[in-house]
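Participant: The structure is given below, and queries will be raised subsequently.
Just so it is clear, none of the values below were taken in a lab; they were calculated from the coordinates. These numbers were taken from a predicted model, which means no experiment stands behind them. Here the Cβ is made from the backbone with ideal geometry for all residues, glycine too, and neighbour counts use every protein chain on show.
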């Protein structure tokens, strides 16, 4: 089997022993069967078991291994390391407190997600069978429900960096529209009220970083635009 | 998550411990669907679903639990829809259903549309819907906490768990009136697996160390269609939508192995057919080591709307756009049919009696509804039905308990702390990766799709050697902050319990049944397909203490309908 040496520059910080973060230069031998950045990180961890990152499904559906890869947020498990310029520079997601190495504290991110009431609200008693929904109405949810909460989008958004406590951020707003767009949900007005605020929704300045980095190809900016349209419609 | 919801909505104080954020658990990766005889597209009946499940299990499933699951299915799937699950829809607005392997109408006649689907992201949609509903119910989540051991008192009653907060390495006791394990499977005992890194059988390891036997651990499902080389799952829903398996000659070989169900035969049957094709030289690729899953004949519109995730996986992990070229696939370890012995109320049962305060549901449990082979879509159903039923049992149990918690038994806590201490202090030890690789290679080589008498016997010796390595693992990371090296070492201590249980149970079962097929179990009129009902129609129970094996009878008596009588299995 042919092997190649791949060079990395990795953000390291262990609050237990490091006074401040530093960049570590390290390389690893990879096989021709290795493909993804996560394969490389897994081998790096065999070499140095102190390198710390989250990972689980390794197929891009669990959202664990989001990180900043050569300056751009992405999932390690979906990124081909051969497409990357070396040394491959890995940093934690920007804008959130670093716990250790590539692991960030996502509390603020989830707090914003929870703030939009991410569940169907429908106070009418449910029927015996399923609530009916036409295929066309269901299609409205495509591009919204697939979010994996990896935080690539929100942590690439300057508005979220400046106001993580006030601006819901692209992931949370995508989720907000997912429920607004669901014909089974009866709380549209309440949801719009919840976002009618100079910060929560309107800090989105359509910079579109979120669209650029989403590993699932979703478009939070479009969803945010639709919420803004509904706000306008409601006002007139 | 389903159990937590039931408990929270009943007003109980519920703590969910998870070593990952809840939407990152491996349910998220389920693709094809969840079965329920809703009959939205064609006539269906829960008794047909029950028949298929019993047949799929090769009659090792308990018929009371199977009846309960299939009867409850329409109810729990409807509830899930009410929770907001974004199911695909039929033109009349009802839930979309697709055909799936082994699911037939009218007691095995022809494939039926029973798998309720949200595109090919059913598990993702379900896990998120359940998490979201739990947010609404104010369930308390302890995120990134790893449970270390079960706590039992002198009488064996379960008092809770001892757990470690990953961010700080702080060890804390969670004392509870009732404890439920929904810890998933342990597919990572094998070198090639569709399972996530986190699927390390933590609940099984904890149960085994606490003296609870593990049931039917020799039965592992090899999913027919893992992406060759990468192991990533390609759902059976692809074949449900019309996908065809082809060998190097381009032949639809399943017509020879399962003339009726063809590519939609049960998973064990399809996986064996694929390995047989490869072994007989009809594999594809330069190494003739895989077969092809062909959907190039499907309308690209169907692929884009019903199988978008599969297309993405295929492009990313196989480098193939399935609209244009077939996907290279190979059978890959996928699901553990065995687990912690439970009844259909979700109570953990040892020596015929429930263990007070202890419950299990989902892949870590063995009710047993899957027997020797699980049908596709029955796993998501399993966790809905038994998540709910176990929570209801917990509610009844908790109500009957005194308000005050009993005094905490400390022996298990001390043992657990000692285990972590040993790891922290180990010197001149074995690298975690070396021990884990040795285990995974041993399991893959000695206990795979086809099993051989001599290889199994040798496998038992080898896995006991690996266990010695696991007892001496050493980590160089000594940090107290998010020490993943330590977590991986602790996970390996759980995996090795599962690996031992699997190898030893498989070595002992000298018949072929469902997913367990061995060379020395001949196909005779008395033992068709190598299945020996006279001697082996029974559940295995492996105990960690002395690797002891015991057996218990299969329950052939359903709750309200007639027994589905033993029959030779063919598709």
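Participant: Evaluate peptide B:78-84: per residue, the Cβ atoms of other protein chains within 10 Å of its Cβ; return the mean as an integer.
Facilitator: Counting Cβ atoms of other protein chains within 10 Å of each residue's Cβ and averaging gives 6.
Participant: Need one number: % antiparallel among DSSP beta bridges in the stretch A:1-102, to the nearest 5.
Facilitator: 85 percent
Participant: While we're here: Out of A:94, A:135, A:164, any idea which swings most in a Gaussian network model of chain A, alpha carbons joined below 10 Å?
Facilitator: Greatest mean-square fluctuation among the candidates belongs to A:135.
Participant: Sticking with this one: If you average the alpha carbon positions of the stretch B:66-127 and of the stretch B:207-255, how far apart do those two centres end up, in angstrom?
Facilitator: Spelled out, the Cα-based centre of one part sits 20 Å from the other.
Participant: Name the residues of the stretch B:1-45 whose amide N is less than 13 Å from a point 7 angstrom out from the Cα of residue B:142 along the C-beta direction?
Facilitator: Within reach of a label on residue B:142, which here means backbone N under 13 Å from a point 7 Å along Cα→Cβ, the stretch B:1-45 contributes B:14-20.
Participant: Sticking with this one: Per DSSP H run of n ≥ 4, the term is -39500 (n - 2.57); total these for chain B, divide by its residue number, and report the mean residue ellipticity at 222 nm rounded to 500 deg cm²/dmol.
Facilitator: -10500 deg cm²/dmol
Participant: May I pose another question? So, in Å, what gap is there between the alpha-carbon centers of the stretch B:313-330 and the stretch B:481-498?
Facilitator: Cα centroid to Cα centroid, the span is 33 Å.
Participant: Taking the Cβ-Cβ separation of residue B:353 and residue A:26 as r and a Förster radius of 56 Å, what is the calculated FRET efficiency to the nearest 0.05?
Facilitator: Once the sixth-power term is evaluated, E becomes 0.55.
Participant: Just to confirm my numbers, what's the Cα centroid distance between the stretch A:1-57 and the stretch A:159-173 in Å?
Facilitator: Centre-to-centre (Cα) distance: 30 Å.
Participant: Describe numerically, in nm with one decimal, the distance between label points set 7 Å from Cα along Cα→Cβ at residue A:80 and at residue B:106.
Facilitator: Placing both labels 7 Å along Cα→Cβ, they lie 5.0 nm apart.
Participant: Assign one of three labels to the protein assembly as shown, namely rounded, prolate or oblate, based on the Cα gyration tensor with a ≥ b ≥ c the square roots of its eigenvalues; rounded applies when a/c is under 1.5, prolate when it is not and a/b is larger than b/c, and oblate otherwise.
Facilitator: Values: a/c = 1.27, a/b = 1.16, b/c = 1.10.
Rounded shape, in that the Cα axes give a/c under 1.5.
Participant: Quick check: pseudo-label points 7 Å beyond the Cα along Cα→Cβ at residue B:170 and residue B:523, how many nm apart are they?
Facilitator: 6.1 nm
Participant: Oh, and also: How would you classify chain B from its alpha-carbon gyration tensor, with a ≥ b ≥ c the square roots of the eigenvalues: rounded for a/c under 1.5, else prolate if a/b is greater than b/c, otherwise oblate?
Facilitator: On the way: a/c = 1.43, a/b = 1.26, b/c = 1.13.
Rounded.
Participant: In addition: To the nearest 0.05, what FRET efficiency results for residue A:5 and residue A:226 with a Förster distance of 41 Å applied to their C-beta separation?
Facilitator: It comes to 0.30.
Participant: Gain in length, residue B:42 to residue B:454, computed as 0.36 nm per residue apart minus the alpha-carbon separation, to one decimal in nm?
Facilitator: Numbers: separation 412, 0.36 × 412 = 148.32 nm, distance 4.82 nm.
Residue separation times 0.36 nm, minus the Cα-Cα distance, leaves 143.5 nm.
Participant: A follow-up question, please. Once the Cβ-Cβ distance between residue B:562 and residue B:403 is put in as r, and R0 is 51 Å, what FRET efficiency do you end up with, to the nearest 0.05?
Facilitator: 0.65
Participant: How much of the DSSP bridge set in chain B is antiparallel, in percent, rounded to the nearest 5? Don't skip to the answer; put the middle values down first.
Facilitator: Values: 48 of 61 bridges.
Antiparallel bridges: around 80 percent, rounded to the nearest 5.
Participant: How many nm is it between the label spots at residue B:280 and residue A:197, if each spot is 7 Å from the Cα in line with the beta carbon?
Facilitator: The modelled label-to-label distance comes out at 6.6 nm.
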